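Let me begin by presenting the structure, written as C-alpha cells, before commenting on it.
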Amino acid sequence: MHIGQNQEELKKAEESEANEEDEIPEVTKYVRVGDSQIVYKLDATSYETLAATSYDDLRHNEVFWADSDTMTQIDITLEGEEHLLTSEIDEDDEETRVWYYGEEEIELADFRTALKTLMADSFTSEAAGQKEEINLTIHLDNENFPQVKIQLYRYDGSLCLAVVDGESVSLVERSSVVELVEAVQAIVLN
C-alpha cells in the first residue's frame with residue numbers, strides 16, 4: 001500500500017505556513033494498492049489513520065480467517081494420532097453440511113467455536129521449537145484457497161505459536177489451544 005500527498009500542494013502549504021498566511025491551502029492525499037494504476041483520494045482523517053498504521057495492524061488477528069461454513073474436510077494430528085473429519089451436503093438442506101468421524105455423525109459446534117477463538121496475542125516470525133500441540137489441515141470449498149494448514153506449538157506456559165501454511169504468524173493464548181484440543185478429543189474419544 002502506498003500513501004502520500006501531492007508534493008506541489010504540500011510545498012505551497014509549507015510556504016504559506018512559513019509566511020504565516022491566514023489561509024493554508026489543502027493538500028491532496030492519496031492511496032494506491034500494490035502496483036495498481038488506480039489512485040484513491042483520501043480525506044485528512046483517513047490519511048492520518050493510514051499513515052499511523054503498521055503492517056501488523058493490517059494482518060488477520062484470527063488464526064483461522066475463513067468462514068467455517070466453507071469447511072469440507074478436516075485432517076487432524078493430535079498426540080501422534082491422525083483423525084479425519086468428513087462432511088457431505090445435507091440431503092434436506094443443501095446449505096448445511098453433515099459432519100462425520102468415521103461412520104458416526106458428529107456435531108461440530110464446539111470445534112468451530114474453539115477454532116474461531118484462536119486469536120493473535122502478538123505477531124512473530126519465530127520458528128517452532130517446542131512440542132506440537134495439534135496439527136490441522138482444513139479443506140475449504142474455495143477454489144482460491146482450497147485448504148489451510150494450522151500447526152500449534154507449545155511456546156511457554158501461557159502462549160502457543162501458530163504456524164499457518166508453513167509460516168510462523170502469531171502467538172495465541174494457550175487456553176484457546178487447550179479448548180481446541182478438548183473439542184477434538186470430545187469428538188474422537190466418543
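The values are calculated or read from the model by the stated rules, or taken from the named source; none is laboratory data. As the structure is a prediction and not an experimental result, all values here were calculated from the model. Cβ: placed from backbone, ideal geometry, glycine included. Neighbour counts: every protein chain shown. Protein only, heavy atoms only, side chains kept; ligands, DNA and RNA dropped before computing areas. Shrake-Rupley method; radii C 1.70, N 1.55, O 1.52, S 1.80 Å.
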Which labelled figure in [x] 30, 19, 16; [y] 47, 21, 13; [z] 35, 22, 15 is semi-axes √(5λ) of the Cα gyration tensor in Å, once derived from the coordinates: [y]
Would you look at the GNM of the chain, springs on alpha carbons closer than 10 Å, and say which of 61, 142, 19 moves the most? 19
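Where the accessible area of the chain is counted over protein heavy atoms with a 1.4 Å probe, how much of it, in %, is carbon and sulfur?
On the way: 5260 of 12190 Å².
The computed percentage sits at 43.
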GNM result for the chain, Cα springs below 10 Å: residue of 109, 66, 127 fluctuating most strongly: 109
What lysines sit close enough to residue 131 to cross-link, taking a C-alpha to C-alpha distance under 24 Å and skipping anything fewer than 8 places away on the same chain? 116, 149
Give me the accessible area per residue for the chain, probe 1.4 Å, as a whole number in Å². 64
Tell me which lysines have Cα within less than 30 Å of residue 12's Cα, excluding those fewer than 8 residues away on the same chain? 29, 41
Set of aspartates and glutamates with alpha-carbon distance to residue 11 below 19 Å, sequence-local pairs under 8 removed: 20, 21, 22, 23, 26, 43, 48
For region 97-190, one quarter of the surface area of the C-alpha convex hull, expressed in nm², comes to 6.7
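If the only charges are +1 at each Lys and Arg Cβ and -1 at each Asp and Glu Cβ, what is the size of the charge dipole of region 136-190 around the Cα centre, to the nearest 20 debye?
Numbers: 3 positive and 8 negative charges, 39 e Å.
It comes to approximately 180 debye.
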The chain, Gaussian network, Cα under 10 Å: of 149, 41, 131, the residue fluctuating most is 41
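Would you mind calculating the gained length between residue 154 and residue 96 on full extension (0.36 nm times residue separation, minus the Cα-Cα distance), in nm to one decimal? Numbers along the way, then the final one.
Values: separation 58, 0.36 × 58 = 20.88 nm, distance 3.45 nm.
Separation in residues times 0.36 nm, less the Cα-Cα distance, equals 17.4 nm.
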In whole Hz, with x marking every Gly and Pro, tabulate ³J(HN,Hα) for region 150-158 from phi via Karplus 6.51 cos²θ - 1.76 cosθ + 1.60, θ = phi - 60°. 10, 10, 10, 10, 4, 10, 8, x, 10
Roughly what would the spin-label model give for residue 77 and residue 21, points 7 Å off Cα along C-beta, in nm? 6.7
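Figure the gain on full extension for residue 68 and residue 143 (residue separation times 0.36 nm, minus the Cα-Cα span) and round it to one decimal in nm. Mind showing how you got there, number by number?
Working: separation 75, 0.36 × 75 = 27.00 nm, distance 1.52 nm.
Using 0.36 nm per residue and subtracting the Cα-Cα distance, I get 25.5 nm.
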Length-normalised contact order of the chain in % [C-alpha pairs under 8 Å, at least 6 apart]: 16
